[in-house]
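No lab work stands behind these numbers, since they all come straight from the coordinates. All values reported here derive from a predicted model rather than from experimental measurement. Cβ coordinates were reconstructed from backbone atoms using ideal geometry, including for glycine residues, and neighbour counts include every protein chain displayed.
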Amino acid sequence: MEEQQAQDTGRAHWGFLAFFVGLAGYHVATLVFTAATADRFAEVDITDPPVLGPLLLLVFLPNVLLGLGPVVVSWRMGNGPNRDFGLVPTWRDVKVGLAAGGAALLAAWLVGALLLRFNPDQSSSLEQIEALSGGRTVWLAAAALFVLIGAPLTEEVLTRGALWQALAHYKIPRFAILALTALIFAFLHEESWRMIGLFAQGLAIGAARMITGRVAASVVAHAANNLLPAVYLYTG
């Protein structure tokens, strides 16, 4: 029965629409946020940044829309996000997800260590977020919580949910789907120096989706992968 449910969440004729709606929402929100805050940040010295407080959470608004688009399309054209994507985790989802998340962390560490030997001067976006938050505030705690839970949910619904189902609908081989969704996952982060590591992480996280047939497993894997960055964001 569980395998049949996994197959039922594997395909959707509206998958590409859901994917592009989410992606469009992300880019539109990014453009609006950039236009609205351009003057404020034009002369910011990152070594002595202003404290932004609640404005910090707006940085994550485009990411929210990544997942909101597919959810809305699923409600309108499908059977709802839980049935279409398999979002409520089972015990098997948790076990497979934690194992895949551990593999993603290992991949990130190995690739990151190698890349830092060639280019050690790359700054982390997490460090910039922490600087703009003004220290360990409630806003920084909320940002860390979003990194741990929110981002895995939205990004997985988009890539391993909507996009995976769209490709499966056209009978693309599942290992090709795994590679393609991992590549899109890497591009979404818009950090060229981390592309190889993000692709490797995407393969590990996507493996949880491929094994179980459910997005919940990849969400757990993604959250496990983001645990250390979330802790680092808050503790510095």
message: Could you work out how much longer the chain between LEU115 and ARG83 gets when fully extended? Use 0.36 nm per residue separation minus the Cα distance between them, nm to one decimal.
response: 7.5 nm
- line: Once Lys and Arg are counted +1 and Asp and Glu -1 for all other residues with Cβ under 12 Å from that of ASN226, the total becomes -2
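Below 12 angstrom from the Cβ of TRP75, what's the summed charge of the other residues (Lys, Arg +1; Asp, Glu -1)? Could the numbers behind the result be given before it?
Values: positive: ARG76, ARG83; negative: ASP84.
Here the count lands on +1.
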- prompt: Rounded to the nearest 0.05, what FRET efficiency is calculated for GLU191 and THR137 with R0 set to 35 Å and r the Cβ-Cβ distance?
  reply: 0.90
